[in-house]
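J.: Structure provided below as structure tokens; questions to follow.
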Amino acid sequence: MLLLLVLLVGIGIASASAVKADPAKKTMADDLVVVSGYDVQQTSSLNAFGAVSPMTVQYTIMQGQTNWHGKYIGPNCPGYYVDLNWGNSANSLQLRIYCADGSVKGPFYDNSDGRIDGRICLYVYSRSGYLPVGTYYHEVYGYSVYGVEDYTF
């Protein structure tokens, strides 16, 4: 009985190790990466030709409110910038990105881009070259907001 238990545990460990070691089992979600937009602006290897610039439309949000924004990404796009800017670091907004491949990135906060400045500046790109075509949705949530906060996106 003990020998059977040891064999079963050994098979389970070997199977788990085989799955971890197999790079072919990488999911599509592993292909999409979100990094600080500030860093990309300084790193030419990620700031590829054809990247899509952020939208710059003004909105308002209050405590506990959720606003949704969509952005269509066409073929052959290596990446795009997300620039949620409210400028008042006393208030806090939260951002989630719902990618066209079904993956969800975030939540992101003011300090997610390496700075505390009332802004979440990110760059979304694909390790394999181009982003999946489709609409990327952005959920902006009033995480800790006093009064009404203006923001651009």
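Coordinate-derived values only; no laboratory data. Quantities reported herein were computed from a predicted structural model and do not represent experimental measurements. All Cβ positions, glycine included, derive from the backbone under ideal geometry; neighbour counts span all protein chains shown.
J.: From the gyration tensor of the Cα coordinates in segment 33-152, what semi-axes in whole Å does the equivalent ellipsoid have, largest first, with each one equal to sqrt(5λ)?
T.: On the way: eigenvalues 121, 48, 25 Å².
The three semi-axes for segment 33-152 are 25, 15, 11 Å.
J.: Quick one: order 138, 69 by neighbouring beta-carbon count within 10 Å, fewest to most.
T.: Working: 138 19, 69 16.
Least to most surrounded, the residues fall as 69, 138.
J.: Still on this structure, please answer the following. Which net charge results for the neighbourhood of residue 137, defined as the other residues with beta-carbon distances under 10 angstrom from its beta-carbon, given Lys and Arg at +1 and Asp and Glu at -1?
T.: Details: positive: 71, 96; negative: 139.
It works out to a net charge of +1.
J.: Now for a separate question. What does the charge count around residue 85 come to, taking other residues whose C-beta lies under 14 Å from its C-beta (Lys +1, Arg +1, Asp -1, Glu -1)?
T.: Details: positive: 115, 119; negative: 83, 110, 113, 117, 149, 150.
The answer is -4.
J.: While we're on this one: For segment 94-102, take each phi angle, set θ = phi - 60°, evaluate the Karplus expression 6.51 cos²θ - 1.76 cosθ + 1.60, and give the result in whole Hz per residue in order, putting x for glycine and proline.
T.: 10, 10, 10, 10, 9, 7, 5, 8, x
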